[in-house]
Each structure stands twice: as structure tokens, then as C-alpha cells.
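A.B. asks: Below you'll find the structure I mean.
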Amino acid sequence: MDYNKRVDGRDFDELRPIEAKVGVIKKADGSAFFKMGNTVAYAAVYGPREMFPKFMQDPKRGVLRCNYNMMPFSGAGERVRPGPSRRSKEISAVTTNALVSVVDLNDFPNAVVDVYIELSQTDAGSRCCGINAAAMALADAGIAMKDMVAAVAVGFAGNKIVVDLNYEEEHLPDYVEGLDNKDVADIPVAMIPSTGEISLLQMDGIVDKEIIIGALNKAKSAIAQVSKVQREALKEKFASQIVNGNGDDENAAGAGN
Amino acid sequence: MIDQETRKHIRDSLERGVRYDGRKKDQFRDISIRTGFLTTAEGSAHVKCGDTEVIAGVKMSVEKPFPDTPDSGILMVGAELLPMCNPKYEGGPPDAVAIEVARVIDRGIRESKSLDNHRLCIKAGEKVWTINVDIAPLNDDGNLIDVGSIAAVAAILNARFPSYENEKVDYKKKTTERVPISKVPVAVTIIKIGNSFIVDPAEQEEQALDVRLTVTTIGDGQLCSLQKGGEGSLTVEEIDKMIDLAIKKGEEIRKLIKQQ
């Protein structure tokens, strides 16, 4: 049997509902909230500021440093132990790589731009959700960028290419009985929308090359939709400031869901 | 950190009875509480007090009890001062400030003795429920202890146990069972700057303080925990006055929490 109807009733190339907002953390230089289905990420940007430890400074340009963290109560099962893990460190590194090519920090030698990504609840796709929030927070902080970065997980489950997998789809054979093909592949992708260049790519699972290329092509249109939501959220904040005639965002924080 | 000028300004203004942000000395910023919005937590609360904003989430699991209390469940409150919430925090293991915030909140709830630990026991010596409450500040503009404590208590009251069958916890299925807690402990921190006593300090006020006292009350004029902080000192008369203020403010906040 093939996977004919998605566990949450979406079309196979349909994204989960998205909510996005910038300027949600007042103390930060830039911040964003991004929600895809039941996965929620906050991102806060601090900097450019002096970098410590000093030996990590780059005398040629500023350094982008992303930090991904799951809040202890954000996992689907048991509590997640606070503090860095092997997983969170790796995700922090690939997130930094996904974003660094669009930011221009040449004017800030020896400085760092810190991006803190916090997940308050997760239902798969958390690194993509984090990247989406981080890109918006960087833009909100006024960091020079040549484009946004938008991300979504695509994959292969029950012989179908699926877009924006949730937790159940990542573990599909546990939730749908009688699948002929029990292989599940999860492919998080981040893209620079204007060029279609891919800045994050990971894959876990067993698939043919054709499936991957097919999935990446689907990712392209999904990412265009994500990117549109990001831009609209950014516009909304700055448009409302023009209307209010000041820089105070009365509705800061409290995004929640 | 604030500069000397700002510190002096805060101090001098208070002498004239004016607070940095114009509030009355015994006035909290507006508090809003929202509960039950996190899908992955067994209980959750989002508390906003002025620009200070925290979320608290409850996770429950079945664990082996401590050997000295074989038939008691375990409640633990933790707080991490996420570097996201204020530029003054850095990543890495929690420092003394973060640990104090977490421990003062934890003790305030624990020492209220209002949790029926025995009802959290599944099989003495082998299996008891462990309730972990974690506080995550989103934006720190001062008074994290009080705001975190409101969030922790509201999240505990909001929590429902997950289903437990055949020795397995099913986090997808929530029961209607609540945490067996009979009181609503509320921490109120009063800070002293010069000769003034103020509640709910915003970040700048907090940085200008001489001494602070956190008083956790449980209603009916009862206290369950105290913590003096800061480098300054207090007289008995001052403590007397501060406790009275904490009891009064604690009542108001308790009402807000109970409305949830």
C-alpha cells in the first residue's frame, strides 16, 4: 500500500499553517517568531558586538554565530535536558552555514553577530523553523543581507514525496499500517530564494537519486511560499511603525500561539 | 550594566518619590497570564509583566524515587537564563545568578509543603512521578524571580498528567488528573534603594539596588521562604515592613493566578 492521504489531511506538497512575526523580543537588536504547524521557534539577534573569547575573532570580518536550543519542555516525549548536546551543536553549526553566505559582516572586523534560536515546542522540522526565524531576526536587526534564507523539510514517506513533514510522518510506519515501502527519508533544505541556491542540505533515510532531485524541486516552490511569509512579516512591522509614526512596537513579544 | 549617572538618577529620583518609569513604589507593572498553549508540555504558562516575559513548561515522567523518600514523588523547578532574553547573559553552564533565580523559585514552591508527594507515588521504592517545571525567559527586563515564580505556579496548576498504562507513559494522551497541590505560593521581591522600598523592579532599578528580599507567601498571612540578596543589609524593622508589603502584593497576584 502507498501513502495516499497524509496523516493531517494536507496535500502532499502543502505546508503546515505558518505564523510569523518580527520584533518579539524587546531586549534584542532583532528578533522573530516563526511557527510551522506545531513547531515554534524564537530567534534573537545581538550584535555586531565584541567577540569573546578573543581568539575566535576574525580581523577581516565579523563572525556569525548561531545557537540552536530546544527548551526543556519542547520535545514530543520526555523532558529535554537543558544545555548543549551533540545534536544541538551540530544543528547550530549547519544553521550558521545556512545563513552566513547571505550576511555581509565585512564592516565589522573582530565583532560577532549572535543569533539565539529557541524552540518552545517541536513537531519535526525544528531546524528549518529555526532558520526561518533566524533569517527574519537578522533582517529585523538591520544586518546587511543580500537575500533572505528560507527553509523547509521535504522527504519521502510511504512511496510519496512529501513537503514539510510532521513528527508522525517522520515515523510513518508507526502510524500508518500496511505500507509497502517502510523507508522514510527526511531532507531539511534551506535556500536563498532569489538564486535557488541551497545553503543547508541534510538527508537521513534510504532513497534513490531521482527521489532526492524530485524532492528538492518540490522544496523550491515550498520555500518560495515560506519566503513570502517572512517578507510580509517584516513589512508588517515596519509598515506599522510608519503608521504609528514612531519606532516603538506596541505589540512586541507575546506572540506565543 | 547601567552607568553611575543612571544609578544616581534612579536613587535621587526615588528620594523625591519618583520611580524610574513613573510607577508607584508598591505598583507592579501590568501582568498578563496565559496558560495551556504549548502542545509538547503537560502544562504551560506564559507570563508578561511589563516587558519581562517568561514561559514555563511542565514535563512529567516516571522515575525511581530517592532512596530516603521511597514513596514520594519529585517536583523540581529549573530556570535557565537564556542568552536570547538579554544581552547580559552568555551561553554556557548556568552561573550563580541563574542558579539563585531557579533555587529561590524552587524553594518557594517546595517549602509551601502544599504538594501531596505521596499521591505521586506509583509503586513505593520503584516508581514515582517526577514533575519538572522549567522556566524559560523570553525577555528579561527585571524581576525574573517573581515573574518566573508566577509562570511556574500557573504552569503547575495548568498541568494534566499524561496517560500511564502498562508501565509506559503515553505523552500523546493526557488525562484529566491535576497536580495535587493545595496552595498557590507567590514570590514577591522587594528591593531597597537608598531609603525607598519598591516592588517589581525593572532592569535598571534592579541594577541600582542596595539589597533585596524575596518573600514567598501562601495566603492567610503565611510565609514559606525568604531570600535576602544584594550586598547591602537590612534591619529587623525594615524586614517587618517588607514582609507586610510582600503579603499584600502576594494576595493580589494569587488572585490573578487563580483566575486562570
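Here, each number is a calculation from the coordinates, and none is a lab measurement. Just so we're clear, the structure is a prediction, and the values are computed from it rather than from any experiment. Don't worry about glycine lacking a Cβ; one is built from the backbone with ideal geometry, like all the others, and counts go over all protein chains shown.
A.B. asks: Looking at chain B, do any whole DSSP H helices span at least 18 angstrom along their long axis by alpha carbon and average -1.0 or above on Kyte-Doolittle, and which? Please list the in-between numbers first.
C.D. replies: On the way: long enough: B:96-110 (20 Å, 0.71); B:144-158 (20 Å, 1.90); B:236-258 (32 Å, -0.32).
Membrane-span-like by this rule: B:96-110, B:144-158, B:236-258.
A.B. asks: Now, a different point. Show me B:222-234, A:215-227, B:179-191, B:97-109 ranked by packing, highest mean number of other Cβ atoms within 10 Å first. Please report the intermediate quantities before stating the final value.
C.D. replies: Numbers: B:222-234: 15.3, A:215-227: 19.6, B:179-191: 23.1, B:97-109: 21.4.
Highest mean packing first, the order is B:179-191, B:97-109, A:215-227, B:222-234.
A.B. asks: Let me have the 222 nm mean residue ellipticity of chain B computed from DSSP H runs of 4+ only, each contributing -39500 (n - 2.57), with the sum over all residues rounded to the nearest 500.
C.D. replies: My calculation for chain B gives -8500 deg cm²/dmol from helical runs alone.
A.B. asks: Now for a separate question. Please report the equivalent ellipsoid semi-axes of the range A:1-106, computed as sqrt(5 x eigenvalue) of the Cα gyration tensor, largest first, in whole Å.
C.D. replies: They are 32, 17, 16 Å, listed largest first.
A.B. asks: From the Cα gyration tensor of the protein assembly as shown, with a ≥ b ≥ c the square roots of its eigenvalues, which class applies: rounded if a/c is under 1.5, or else prolate if a/b is larger than b/c, or else oblate? Walk me through the intermediate numbers first.
C.D. replies: Numbers: a/c = 2.24, a/b = 1.31, b/c = 1.71.
Oblate shape, in that a/c is at least 1.5 and b/c is the bigger or equal ratio.
A.B. asks: I've got another one for you. Counting only other residues whose beta carbon sits under 14 Å from that of A:Asp11, what net charge do I get with K and R as +1, D and E as -1?
C.D. replies: +1
A.B. asks: Taking only Cα atoms and a 10 Å spring cutoff, compute GNM fluctuations for chain B and point out the largest among B:Asp200, B:Asp140, B:Asp220.
C.D. replies: B:Asp220
A.B. asks: When Cβ neighbours within 10 Å are restricted to other protein chains, what is their mean count per residue of peptide A:73-86?
C.D. replies: Averaged over the peptide's residues, the number is 6.
A.B. asks: Given charges of +1 on the Cβ of Lys and Arg and -1 on the Cβ of Asp and Glu, with all other atoms neutral, how large is the dipole of chain A about its Cα centre, in debye to the nearest 20?
C.D. replies: So the dipole magnitude of chain A works out to roughly 760 debye.
A.B. asks: Another question, then. Could you work out, residue by residue across A:115-128, how many beta carbons of other chains sit within 10 Å of that residue's beta carbon, and then give the average as an integer?
C.D. replies: 3
A.B. asks: Output the pairs from A:Lys160/B:Lys172; A:Lys237/B:Lys25; B:Lys59/B:Lys258; A:Lys27/B:Lys248; A:Lys21/A:Lys220 with a Cα-Cα distance over 24 Å in this structure; if there are none, say none.
C.D. replies: Flagged as over cut-off: A:Lys160/B:Lys172; A:Lys237/B:Lys25; A:Lys27/B:Lys248.
A.B. asks: Where does chain B land on Rg(C-alpha)/(2.2 N^0.38 Å)?
C.D. replies: 1.05
A.B. asks: Another one. Which whole number gives the average, over all residues in B:130-141, of C-beta atoms from other chains lying within 10 Å of the residue C-beta?
C.D. replies: Mean shielding count: 5.
A.B. asks: Compute the acute angle (0 to 90°) between the alpha-carbon long axis of helix A:86-100 and the principal axis of greatest extent of the alpha-carbon atoms of chain A; round to the nearest 10°.
C.D. replies: With rounding to tens, the tilt is 60 degrees.
A.B. asks: Run through all the Cα pairs of the range A:18-244 and give the fraction in each 10 Å bin from 0, expressed as whole percent.
C.D. replies: 8, 32, 35, 18, 5, 1
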